[in-house]
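The values are calculated or read from the model by the stated rules, or taken from the named source; none is laboratory data. Quantities reported herein were computed from a predicted structural model and do not represent experimental measurements. Virtual Cβ from ideal backbone geometry, glycine too; neighbours counted across all protein chains shown.
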């Protein structure tokens, strides 16, 4: 059984999906420079405009449902990919109370997002995946495989992460943050911009007029280092080759690559090496200069960008999207137009 993306929506610092694509077309970044997360140190961050993160989750999910062929999610599996889960809420309690006693562990862990959405929508079951920056890419990978073996007819994949001090300060401790808008793959790149987003995609076993197919998925785990990629790019190469093999495609079949492209010295160098090794010549770029790095939500929001690219550009028929994470966890997804 083949897997089709039939409905999606997102909210990031660039706005909803329509606003996001408008920003990409105009090359208008939504990154702002902030000094409140790390005292007296300016960092570029991608902040959403919202009062309640959980309301954003509900609104984005409801938008996908309203624009789908479903009346409800009762026959739908929910798979959430997140890197930080409920960490932002826990931080707010800690900073307010100056202790941890009022932190609710049931609102802290990765599964808190799935639990919240399950309380608002009647899903048949839920799963949560946390593999750092490949979380929602792996959620999409799992969704395709479950559809392929006919385990489910409908799967909603949600990628969601909110900005919190733990992640921003953690990346600062690794000396990989940029004090300005990130510039992936540029020689003078300074580092990455941490960001937040919610993105949801409905994956189904039946195609519609405007469907985009998940043609192939590939993953690898090179386990070279806790935070640095394998300098020989073995893991990145393997994930892309595995995706091509799963899709039964050759490298020359890919029209565009949405690169992981964080803007750090290590990632961009290794990913460039991997792309050159597998594809020799192909158009690729990173959209993180617009959205920032949305961590666990990156795979989902960049899947939406890939789908929109196919729908908007007659010269783009097949897109490969990369997501790479700490620990050498690598995931590549291939999307294609329905012929």
- request: Could you pull out the residue among 217, 158 that is under 18 Å from the mean Cα position of the chain (by Cα) and outside the structural domain of residue 40 (by TED's automatic domain parsing)?
  value: 217
task: State which residue is nearest to the chain's Cα centre (by Cα) when the search covers only segment 238-254 and only residues that are over 14 Å from residue 270 (Cβ atoms) and surrounded by 18 or more Cβ atoms within 10 Å (Cβ to Cβ).
output: 243
message: Out of everything in segment 47-65 that is in contact with a helix residue (DSSP H, G or I) (Cβ under 7 Å, 6 or more places away or on another chain) and in a helix (DSSP H, G or I), what residue ends up being surrounded by the most Cβ atoms within 10 Å (Cβ to Cβ)?
response: 61
query: Quick one: which of 85, 44 is on the phi > 0 side of the Ramachandran plot and touching a strand residue (DSSP E or B) at 6+ places or on another chain (Cβ under 9 Å)?
result: 85
task: For residue 235, work out the one condition from (1) surrounded by fewer than 20 Cβ atoms within 10 Å (Cβ to Cβ); (2) more than 23 Å from residue 309 (Cβ to Cβ) it doesn't fulfil.
output: (1)
task: Could you look through segment 16-41, keep only residues that are crowded, with 17+ Cβ neighbours inside 10 Å and touching a strand residue (DSSP E or B) at 6+ places or on another chain (Cβ under 7 Å), and pick out the one that is modelled with the lowest pLDDT?
output: 37
query: Got at least one residue in segment 161-184 being farther than 30 Å from residue 95 by Cα, surrounded by fewer than 18 Cβ atoms within 10 Å (Cβ to Cβ) and either at pLDDT 95 or above or not assigned by TED's automatic domain parsing to the domain that holds residue 113 (or both)?
result: no
Of all residues in segment 68-81 being surrounded by 13 or more Cβ atoms within 10 Å (Cβ to Cβ) and more than 22 Å from residue 138 (Cα to Cα), the one that is nearest to the chain's Cα centre (by Cα): 68
- prompt: If the Cβ limit is 8 Å and pairs must be 6+ apart or interchain, which residue in segment 96-113 that is in contact (Cβ under 8 Å) with a residue 40 or more places away in the chain pairs with which residue that is not in a helix (DSSP H, G or I)?
  reply: 113/80; 113/82; 113/85; 113/86; 113/128; 113/158; 113/160
task: Examine segment 69-80 for a residue that is at pLDDT 95 or above and over 19 Å from residue 154 (Cα atoms), and state whether such a residue exists.
output: no
